[in-house]
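The values are calculated or read from the model by the stated rules, or taken from the named source; none is laboratory data. It should be emphasised that the depicted structure is a prediction, and the values quoted were computed from it without experimental measurement. We place every Cβ from the backbone using ideal geometry, glycine too, and count neighbours over all the protein chains shown. Heavy atoms of the whole protein, side chains included, go into the accessibility calculation; ligands, DNA and RNA do not. Shrake-Rupley method; radii C 1.70, N 1.55, O 1.52, S 1.80 Å.
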Amino acid sequence: MKSKLWKLLAAMVVLTMLVPGLVGCATPTPEVIEKVITQVVKETVKETVIVEGTPQVVEKEVTKVVEKEVTTIVEKVVTATAEPAAPKTVTMTFFEEPDSLNTLYFGMWFAGLAVDLFNPGLWYWDNNLEPSLEMAAEFPTKENGLISEDGLTITIPLNKEAQWSDGEPVTANDFIFTYEMVLAPENIGIQSTWPYDPYLESVTAEDDYTLVLKFAESFAPWATTMFDFVLPEHVLRPVYETEGTIDDAEWNRNPTVVNGAYTLKEWQAASHLIFEANDNYWRGRPTVDQINIRVVPDDEAQMAAIKTGDTDIGIFLSYADIPTIEALGDVDIVTVLSGYNESWFFNLNTEETAANAGHPALQDVLVRQAIAYAVDFDAVCEELLFGGTYPPPTKWEETPYAYPDADPYKYDPEKANALLDEAGWVDSNGDGTRDKDGVELVLVHSTTQGREVREQTQVVAQQYLADVGIGITIQNNSYDTMWNSYGQGGPIATGNYDIAEWSDSPDFPDPNEEQWLCAEIPSDDSPEGSNWYGICDEELDPLLQAQAVEMDPTKRIQLFHDIGKVMNEKVYWIGVWHDNDVWTINERTEGIKISGADPFWNCYEWGVSD
């Protein structure tokens, strides 16, 4: 929060720029300069001459050209030049630095926020979760004839005004190239080829500004999962043709040619990213000249910046921070539904999958149920999050897709003990930890380093689980590697955990979840894939596939209830707390409308009041 003294000084600076006679813009004092110069001049003089032919002497006026020194006094007036206006800036804080700025390669939410500033796809989803057109000129529906009756062909007219920051037009060929890069097997570092493979049959151009998607079968979540970004073909195709991959393309970290409201000016690792207004953005130059992203070490450092006014936008705040924020006078709190839930995921990989196998006890549903009963997640929410939220029983909270009859697994240590006994895990050697067949029931719990509320949750859960004879070893990961893909050697993707915690969302605002599909389990031959849990359930997989192609909303809701039932009964996932996004917006800013899907969708119209 900026002090009143700072605001007064700022006002004085403005006045001195506007009012003559004040410091900095007063009438300048003339500089007196005395110069001595030699000039060539004509001069009339009188001379005594003898009249020709006579002895008579007379005076006569004669004009002569002579050199003469002249002293000149000059007043040199120096005109005061006004200082250029300071750029209008908005500053935000990230306590997780992006691992890439190419959507193909990152799995980090913070990286997605940065991409909102410079690389829109066909459309964003606005603060009302309605499409806001970007590279598309019209949103396809059956009513406007852009979706075929069988739903297998979608025609998308493109925005003819859209161009890359270097002046090249954005065309259908850029989207075709993007599709090719998703599917190129040489790009081993990408997160996933889903849903382009298997659902798209082809991506073609009817002309430069008409994109045609042909599907192998109907695909319900197409609008939220496809072409939410686009790659510049004229920049990256030469890289692909030369290197055989774009895995190491400079553009991935330094996207100098972009199609959004801002361009990347500078990225200094572990310090900041600076984005400048794009003069070639199709809507026109944005109001704010510069957006600064400050990289801070943790959420505690972000809170300090919010308090001092050193950040305009506070991001991914904990519910535990809300009482402190409410006491600040110039900061608004914004909470939006985003589909996110803080979650526990189990490593159910086995010797049959490429990733490292998790603890053998986790293969038993009785053990997973016992873990759910053993931890008082209600108390976690009450004590660590000041009662601002609750443990979600399903992944689709506050939507029609949430399974209404889910068992919330309320805290019951006696039931947890009974389930562990039934599963054959007992403390046979009296060391306080259960064991079976010589294997101690000690699990590795992983989350992101520096996220205080997660680390506190780990410590609390460690004690709860110890009370029922389950040991916990805490092994956290840096945020810049935590969500790396299998091909990139990510610690979760390669199975170096037993229980992992982070906040997770479906393809919001669509409820689709592909990360539980058998086909999404990564392998050495197919390193892309988001099923880092090794779950391949013969009951769950058909339901997940069915919902993806079900176009009837009522039937699709029922399919998600069935999915929720399987996941709840088999405890493939545990909800720690319902994680609606909490933001702070400094009152000096104007027009910021946070979306739960694409938070910075309207950055082009942000403003500042000072």
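Computed quantities for the displayed model
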{"quantity": "Computed accessible area, VAL439, all protein chains, 1.4 angstrom probe, square angstrom", "calculated": "60"}
{"quantity": "Over the chain: helical MRE at 222 nm, DSSP H runs n ≥ 4 each giving -39500 (n - 2.57), nearest 500", "calculated": "-7000 deg cm²/dmol"}
{"quantity": "Percent RCO, i.e. relative contact order, over the chain, from Cα pairs under 8 Å lying at least 6 residues apart", "calculated": "18"}
{"quantity": "Accessible surface, per residue, of the stretch 152-213 when the full set of protein chains is kept, probe 1.4 Å, Å²", "calculated": "38"}
{"quantity": "Label-to-label distance, nm, for residues given as HIS234 and LEU152 (7 Å Cα→Cβ offset)", "calculated": "3.7"}
{"quantity": "On Cα atoms only, tilt of 172-183 relative to the major axis of the chain in degrees", "calculated": "40"}
{"quantity": "Sulfur and carbon atoms: percent of accessible area, the stretch 465-610 [1.4 Å]", "calculated": "44"}
{"quantity": "Å² of accessible area per residue within the stretch 87-137, as computed with a 1.4 Å probe and no ligands counted", "calculated": "22"}
{"quantity": "Spin-label model distance (nm) - ASN144 vs GLU217, 7 Å beyond Cα toward Cβ", "calculated": "2.9"}
{"quantity": "Net length gained if the chain between ALA86 and ASN356 were fully extended (0.36 nm per residue, minus Cα distance)", "calculated": "91.8 nm"}
{"quantity": "Under the Debye formula (equal points on every Cα, no solvent term), log10 I(q)/I(0) of the chain at q = 0.09, 0.12 Å⁻¹", "calculated": "-0.79, -1.29"}
{"quantity": "Using alpha-carbon coordinates, inclination of helix 553-570 to the longest axis of the chain, degrees", "calculated": "60"}
{"quantity": "Calculated FRET value between ASP378 and GLN268, using beta carbons and R₀ = 41 Å, to 0.05", "calculated": "0.45"}
{"quantity": "Solvent-accessible area, 1.4 Å probe, carbon plus sulfur percent, for the stretch 214-290", "calculated": "41"}
{"quantity": "Heavy-atom surface of the stretch 498-565, accessible at 1.4 Å and reported per residue (Å²)", "calculated": "37"}
{"quantity": "Longest DSSP-loop-exposure-free segment, GluC sites (Glu not before Pro), the chain, at most 16 other Cβ within 10 Å", "calculated": "399-537"}
{"quantity": "Global form of the stretch 234-309, assessed from the alpha-carbon gyration tensor, a/c cut-off 1.5", "calculated": "oblate"}
{"quantity": "Ranked order, HIS561, HIS445 - accessible area, probe 1.4 Å, largest first", "calculated": "HIS561, HIS445"}
{"quantity": "Nearest-10 value in Å² for the accessible area of CYS603, using the 1.4 Å probe", "calculated": "0"}
{"quantity": "In Hz, Karplus ³J(HN,Hα) per residue of the stretch 583-600 (6.51, -1.76, 1.60; θ = phi - 60°; x = Gly, Pro)", "calculated": "10, 10, 10, 5, 5, 6, 8, 9, x, 7, 10, 6, 9, x, 9, 10, x, 9"}
{"quantity": "FRET efficiency for ASP541 and ASP279, using Cβ-Cβ distance with R0 set to 45 Å, rounded to 0.05", "calculated": "0.35"}
{"quantity": "Volume of the Cα convex hull of the stretch 447-598, divided per residue and given in Å³", "calculated": "170"}
{"quantity": "Folded to 0 to 90 degrees: helix 4-18 orientation relative to the chain principal axis, Cα", "calculated": "40"}
{"quantity": "Spin-label model distance (nm) - ASP166 vs ASP330, 7 Å beyond Cα toward Cβ", "calculated": "4.2"}
{"quantity": "Accessible surface of the stretch 361-412 [probe 1.4 Å, protein heavy atoms]: carbon and sulfur percent", "calculated": "49"}
